[in-house]
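A short worksheet on the structure shown next.
Readers should treat all values here as calculations from the given coordinates under stated rules, not as data from a laboratory. Quick caveat: nothing in here was measured; it's all calculated off a predicted structure. Quick reminder, even Gly has a Cβ in these numbers, built from the backbone with ideal geometry, and neighbours come from all protein chains shown.
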Amino acid sequence: MKTSITKNKGLFRYKTIRKLFAAVFWLCVWQLIYFAVRQEILIVSPVHVLQKLIALSKESTFWLTAFFSMTRILEGFLLGIFTGSLLAICTCVSSMLYDIFHPVISIIKATPVASFIILALVWIPSAHVPAFTSFLMVTPIVWANVFQGIEKTDENLLQMAAAYRFGTVKTVRRVYIPSIMPYFTAACTTGLGLAWKAGIAAEVLANTPLSVGGQIYNSKIYIETDSLFAWTVVVVAMSVLLEWLMVRFMKTMGQKYNVEQ
């Protein structure tokens, strides 16, 4: 047991060192590009971006802006998960519903994000456009993955569940959910990244008040390159943090259902 724990700790340290090395490498590349260009209006150094981030973090509006952007995007993300999962279940049960909704999902997947954002600005208030755009980006991904997970559920397990008279609830909990979970996790991870990209893009085009996208738009208008880079770093950091939390949550849920099996 001690040997196993020691190996795990060593592997964790090795992975951590590799990640730190990769981060330092790209920061050095960034700094070298800055030295080569020597024009602050085009690119700023990592040090200047860090200084700008520290200055922004001392303002109360910085935290409010980050919070409201996260709330809008998570609203669309969670709504997309719910709608996509519900559609997947319904279209698996009914081939008629599949024929009805499949073309719509295909259109949403094929249409550029900018088109949806511009149309949404015509249809709904600008404050709701980021959530709506995130919702549209997440729904098709969740639908496709959950649908595939249901379709690929092992028939032998389903026959065994029927033979032992599990019932609908028990079959769903012990057969369907463990089968769907890897597909659902992949959908959530991919969907969260797309939700952030689409949501921030919607905030930029809609110039939503108290939003990260709005701050990026203002930085571009006033040619504040350091501010533009700083807000971009905020977007990346929030996206990575939420994705990490999502993966940890999904792993916990997966372990729970594996234990129950």
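Cross-link partners for LYS19 among the aspartates and glutamates, with Cα-Cα distance under 17 Å and sequence neighbours closer than 8 places in the same chain left out: GLU243. Rounded to the nearest 0.05, the FRET efficiency derived from the C-beta distance between LEU78 and ARG38 at R0 = 51 Å is 0.65. Label-to-label distance for LEU210 and LYS251 is 3.5 nm, based on points extended 7 Å past Cα in the beta-carbon direction. Against the set (1) 17; (2) 43; (3) 22, the structure's computed percent of Cα pairs over 31 Å apart falls on (2). To the nearest ten degrees, helix 46-57 and the longest principal axis of the Cα atoms of the chain are 80 degrees apart.
Full extension of the chain segment joining VAL169 with VAL236 gains 20.1 nm, where the gain is 0.36 nm per residue of separation less the Cα-Cα distance. If a/c stays under 1.5 just call it rounded; otherwise compare a/b with b/c (prolate if a/b is bigger, oblate if not). Do that for the range 30-97, with a ≥ b ≥ c from the square roots of the Cα gyration tensor eigenvalues. Since a/c reaches 1.5 but b/c is at least a/b, the shape of the range 30-97 is classed as oblate. When shorter helices are ignored and each DSSP H run of at least 4 residues is given -39500 (n - 2.57), the per-residue value for the chain at 222 nm works out to -29000 deg cm²/dmol. In terms of surrounding Cβ atoms within a 10 Å radius of their Cβ, PHE35, PHE77, PHE101, PHE229 rank from fewest to most as PHE35, PHE101, PHE229, PHE77.
Between the helical axis of 129-151 and the longest alpha-carbon principal axis of the chain there is an angle of about 30 degrees. Rg/Rh for the range 167-261 to two decimals, with Rh computed the Kirkwood way over all alpha-carbon pairs. Looking at the range 167-261, the ratio lands at 1.22. Helix 212-221 against the longest principal axis of the chain: what's the angle in degrees, Cα atoms only, rounded to the nearest 10? Helix 212-221 sits at roughly 30 degrees to that axis. When peptides 127-140, 16-29 are sorted by average Cβ neighbour count within 10 Å, with the highest value leading, the order is 127-140, 16-29.
The value of relative contact order for the range 44-260, using C-alpha pairs under 8 Å at least six residues apart, is 28 percent. Extension gain, ALA127 to ASN218, is 31.1 nm, computed as 0.36 nm per intervening residue step minus the present C-alpha separation.
Distance between the pseudo-spin-label points of TRP244 and ILE100 (7 Å out from Cα toward the beta carbon): 4.4 nm. Between SER60 and ALA23, residue separation times 0.36 nm minus the direct Cα-Cα distance comes to 10.4 nm.
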